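First comes the structure, then the notes that go with it.
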Amino acid sequence: MTKIYHNPRCSKSRETLKLIEAEGITPEVVLYLETPVSREKLAEFVRRSGLPASAFLRVKEAEAKALGITAKSDPEAILDAIAAHPRLMERPVVETDKGVALGRPPEAVRDVL
C-alpha cells in the first residue's frame, strides 16, 4: 500500500509522484484538498513519521496567519487547524506500510518506499 496525499499544482508534489512511479510503484493518489485528511489521520502521520506536528504545517499560508498558528503553536492546535483548513497541510505526504514521510525534498520519501 502506497498513498500520496497530493496537490497537482505543487511542484514538489508532482516531483514526488514521479519519483514513486519511477520506482515501479503505482500509488493511490489522494487529492487532499478535495478529500481532506481527518484529524485522526493527521495524528497518525505525526506518530508514524516521527516528525513534529509543525512539520506538516504550511506556516506561510494566509489561513495560518489569520488563525495565529505558527510552528511554535501547541501540536494539538496545529493538527486541529490543518484538519479544519486542508490548505495548511504541507505536501506531499507519502504513506506506506513502512511509514510516513514528507516529500520535501522528494527524495525523503525513499525511506518508506
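Would you confirm, using the coordinates I've provided, whether Ala83 is hydrophobic (A, V, I, L, M, F, W, C) and farther than 18 Å from Ile4 by Cα?
On the way: hydrophobic (A, V, I, L, M, F, W, C): yes; farther than 18 Å from Ile4 by Cα: no.
Taking the combined requirement at face value, the residue does not satisfy it.
What's the number of the only condition in (1) open to solvent by 70 Å² or more (accessible area, probe 1.4 Å); (2) out of contact with any helix residue (DSSP H, G or I) (no Cβ under 7 Å at 6 or more places or on another chain); (3) closer than 18 Å to Ala108 by Cβ that Glu15 fails to meet? With (1) open to solvent by 70 Å² or more (accessible area, probe 1.4 Å); (2) out of contact with any helix residue (DSSP H, G or I) (no Cβ under 7 Å at 6 or more places or on another chain); (3) closer than 18 Å to Ala108 by Cβ applied to Glu15, the lone miss is (2).
Quick one: is Val37 open to solvent by less than 30 Å² (accessible area, probe 1.4 Å) and assigned to a strand (DSSP E or B)?
No.
If the condition is being surrounded by 13 or more Cβ atoms within 10 Å (Cβ to Cβ) and closer than 26 Å to Asp80 by Cβ, then region 18-30 contributes Val29, Val30.
Find the residue count for region 1-44, including only residues that are hydroxyl-bearing (Ser, Thr, Tyr) and over 14 Å from Arg91 (Cβ atoms). Quick ask: steps written out before the conclusion?
Just the residues of region 1-44 that are hydroxyl-bearing (Ser, Thr, Tyr), to begin with: 2, 5, 11, 13, 16, 26, 32, 35, 38.
Still in the running and over 14 Å from Arg91 (Cβ atoms): 2, 26, 38.
So the count comes out to 3.
Among the residues of region 27-53, the ones that are farther than 16 Å from Val112 by Cβ and either in contact (Cβ under 8 Å) with a residue 40 or more places away in the chain or among the polar types (S, T, N, Q) (or both) come to 8 in all.
Which one of these is part of a helix (DSSP H, G or I) and open to solvent by 60 Å² or more (accessible area, probe 1.4 Å): Ala77, Ala66?
On the way: Ala77 fails: open to solvent by 60 Å² or more (accessible area, probe 1.4 Å).
Among Ala77, Ala66, only Ala66 is part of a helix (DSSP H, G or I) and open to solvent by 60 Å² or more (accessible area, probe 1.4 Å).
Of all residues in region 66-109, those satisfying the criterion of being under 18 Å from Val37 (Cβ atoms) and of a type in the set (Lys, Arg) are Arg87, Arg91, Arg104.
Scanning region 91-113 for residues that are open to solvent by 30 Å² or more (accessible area, probe 1.4 Å), within 15 Å of the chain's Cα centre (by Cα) and free of Cβ contacts under 8 Å to residues at least 60 places away in the same chain yields a total of 1. In this structure, does Ile25 turn out to be in a strand (DSSP E or B), modelled with pLDDT of 95 or more and out of contact with any Phe, Trp or Tyr (no Cβ under 9 Å at 6 or more places or on another chain)? Spelling it out, it is not the case that Ile25 is in a strand (DSSP E or B), modelled with pLDDT of 95 or more and out of contact with any Phe, Trp or Tyr (no Cβ under 9 Å at 6 or more places or on another chain). In region 43-63, the residue that is least open to solvent (accessible area, probe 1.4 Å) out of those that are over 21 Å from His6 (Cβ atoms) and touching a strand residue (DSSP E or B) at 6+ places or on another chain (Cβ under 9 Å) is Gly50.
The values are calculated or read from the model by the stated rules, or taken from the named source; none is laboratory data. Note that this is a predicted model, so its numbers are computed, not measured. Virtual Cβ from ideal backbone geometry, glycine too; neighbours counted across all protein chains shown. Heavy atoms of the whole protein, side chains included, go into the accessibility calculation; ligands, DNA and RNA do not. Shrake-Rupley method; radii C 1.70, N 1.55, O 1.52, S 1.80 Å.
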